[in-house]
Amino acid sequence: MTVLQIVKDLIGKQDINWGDSSSTFSRETFTGGSTNINYIDAEVIPSTGLSGYIGDHLHVQNTDSLTSTTTFGINSSGNSLVLSSTGLSASRTFTFPDTSNQALIGATDLASIATGLGGALVGIEDSGGYFTGADTEAVLQEVGSDVSTLQTEAHSRGMKNGFRLEYASVNTIYIWGGMWALTGTTNRHVYTNSKITFAFDASNAAGVDPDTTISDVIYVYIDDSAVVASGSSLLTAAQFVGLITEPSWSESKCGWYSGNDRCIGAVLTNSGGGILSFAVFGNNFYRYANPVVEYATAAGAATYTALAIGSSVPKFCTRARLRVMTNVAGASINFDTSGTATTPECYALSHAQIAEVMDAPTNSSQSTYWYGNASTKYDIDVSGYYIDEL
């Protein structure tokens, strides 16, 4: 019996019955007779004869837990959503949120810097209990605040490590790598990661030229305005500057400053212009290659007398290294920081016309007080100096 015959026979007083095609039932025909016919189901529809079209489109509930198809799409006629397993290196399970207000988050939202997206969507495990925030964005805000606080805390002010000076030529020095706290326009730790060549006459146009600075001290500063303009804490030669302006000690900044510029050292120019060659031993002792005459051969002072040596030592000098020579053997000399000395530095020169090295303390005016024998002639030169913490 063909499908058409079945349909023809079923056009009668009753509706078509569906069921198992291997069972039959009696149905009244349109002429008043009866006939036994099969129930209609998928098996009586010749899907093969219709090129598989009907069978392919008959819906059967899928009871499989997975499908072999690599993609699954929704809304193919518009902006679709496609789940794709392409590129997976292992099986993955995506669990839908069990809340009424939680949306599924994709890569675009996770990478966004808009408020409420990005790090605000990602939780953080804080087993140590260091943070009050529960997501990445909140914790980053706390860390940023802590770093900002550290920059202004007293324990970081005055911090220094490195930036030792080295002589290169009459116009140039080397500044060794280092990191110093700069309390300037902003509080930051500035640093270098290599030895810098600093030319006084070229590296920073705001500085002085040693060629035109005769027998004077040039102070080397971290140039705060140049640091601000650069927008970086990594220093180049352009962020240092040489000035004859003396620094002063700042209790609040814990360093030697001129305004917002922090002093890192000094050089001395000679009588012909140009930097006097020097060497640094450790971080605190600077020695000149050629001593500077501060007291030409003359009779000694009989009482404590100020010897101003500020033209050959910097403002932050604490002791001067002197070379002293007398015209007679056995002469004595005494040094202190004032004219009312009670504990002087005392030296005896063993030989005549032979220079001997000694250290003399200096005061805040870069002077040392001395006396010797009025009948003895003295020659006092500065060969170097010691510095206090910068």
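The values are calculated or read from the model by the stated rules, or taken from the named source; none is laboratory data. Fair warning: this is a prediction, and the values are worked out from it, not measured in the lab. Neighbour counts run over all protein chains shown; Cβ positions are idealised from the backbone, glycine included.
Assess whether I37 counts as being part of a strand (DSSP E or B), touching a Ser or Thr at 6+ places or on another chain (Cβ under 8 Å) and modelled with pLDDT under 75.
Values: part of a strand (DSSP E or B): yes; touching a Ser or Thr at 6+ places or on another chain (Cβ under 8 Å): yes; modelled with pLDDT under 75: yes.
Yes, satisfied.
Only residues that are at pLDDT below 90 and exposed (fewer than 14 other Cβ atoms within 10 Å of the Cβ): list them for the range 278-290, please. Spell out the reasoning first.
Of the residues in the range 278-290, the ones at pLDDT below 90 are 281-284.
Within the range 278-290, F281, G282 qualify.
Restricting to the range 187-218, name every residue that is of a type in the set (F, W, Y) and outside any loop (DSSP other than H, G, I, E, B). Don't jump to the end; show me each part of the working.
Of the residues in the range 187-218, the ones of a type in the set (F, W, Y) are 191, 198, 200.
If the condition is that a residue be of a type in the set (F, W, Y) and outside any loop (DSSP other than H, G, I, E, B), then Y191, F198 are the ones that fit.
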Pull out all pairs, ordered by first then second residue, where Cβ-Cβ is under 8 Å, the residues are six or more apart or on different chains, the first lies in the range 333-360 and is assigned by TED's automatic domain parsing to the domain that holds G300, and the second is outside any strand (DSSP E or B) and among the aromatic types (F, W, Y). N334/Y304; D336/Y304; S338/Y304; G339/Y304; T340/Y304; A341/Y304
Requiring at least 1 residues that are under 30 Å from G274 (Cα atoms), the strands (runs of 3 or more DSSP E) wholly within the range 77-186 are 160-162, 165-167, 172-175, 178-183
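Go through the range 176-190 and give me each residue that's hydroxyl-bearing (S, T, Y) and crowded, with 16+ Cβ neighbours inside 10 Å.
Matches in the range 176-190: T183 only.
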Top-ranked residue of the range 109-146 - restricted to ones that are under 21 Å from the mean Cα position of the chain (by Cα) and polar (S, T, N, Q), ranked as farthest from N187 (Cα to Cα): T136
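Any residue at all in the range 270-281 that's more than 27 Å from D211 (Cβ to Cβ) and in the same structural domain as S375 (by TED's automatic domain parsing)? Talk me through it step by step, then tell me what you get.
Filtering the range 270-281 for residues more than 27 Å from D211 (Cβ to Cβ) gives 281.
Those still in the list that are in the same structural domain as S375 (by TED's automatic domain parsing) too: none.
No, the conditions are met nowhere in the range 270-281.
Each row is one residue, and each column tells you yes or no for (1) of a type in the set (S, T, Y); (2) closer than 21 Å to S277 by Cα; (3) not in a loop (DSSP other than H, G, I, E, B).
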site: V227; (1), (2), (3): no, no, yes
site: S232; (1), (2), (3): yes, no, no
site: A238; (1), (2), (3): no, no, yes
site: G242; (1), (2), (3): no, yes, yes
site: W249; (1), (2), (3): no, no, yes
site: S252; (1), (2), (3): yes, no, no
site: Y257; (1), (2), (3): yes, no, yes
site: R262; (1), (2), (3): no, no, yes
site: A266; (1), (2), (3): no, yes, yes
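Any idea which of I264, I218, I173, I275 is surrounded by 21 or more Cβ atoms within 10 Å (Cβ to Cβ), within 30 Å of T149 (Cβ to Cβ) and aliphatic (A, V, I, L, M)? Let's see the steps before the verdict.
Numbers: I218 fails: within 30 Å of T149 (Cβ to Cβ); I173 fails: within 30 Å of T149 (Cβ to Cβ); I275 fails: within 30 Å of T149 (Cβ to Cβ).
Testing whether each residue is surrounded by 21 or more Cβ atoms within 10 Å (Cβ to Cβ), within 30 Å of T149 (Cβ to Cβ) and aliphatic (A, V, I, L, M) leaves just I264.
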Counting only strands (runs of 3 or more DSSP E) entirely within the range 291-356, those with at least 3 residues that are surrounded by 20 or more Cβ atoms within 10 Å (Cβ to Cβ) are 317-326, 332-336
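Only one of these is among the acidic types (D, E) and at pLDDT 90 or above: D146, D224. Name it. Walk me through how you get there before you give the answer.
Working: D146 fails: at pLDDT 90 or above.
Testing whether each residue is among the acidic types (D, E) and at pLDDT 90 or above leaves just D224.
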Residue pairs meeting the criteria (Cβ under 6 Å; at least 6 apart or on separate chains; first without any contact (Cβ under 8 Å) to a residue 24 or more places away in the chain, in the range 275-287; second surrounded by 14 or more Cβ atoms within 10 Å (Cβ to Cβ) and in a strand (DSSP E or B)): L276/L268; L276/Y288
Could you tell me how many of the residues in the range 357-383 are outside any strand (DSSP E or B) and in contact with a Leu (Cβ under 6 Å, 6 or more places away or on another chain)? 0
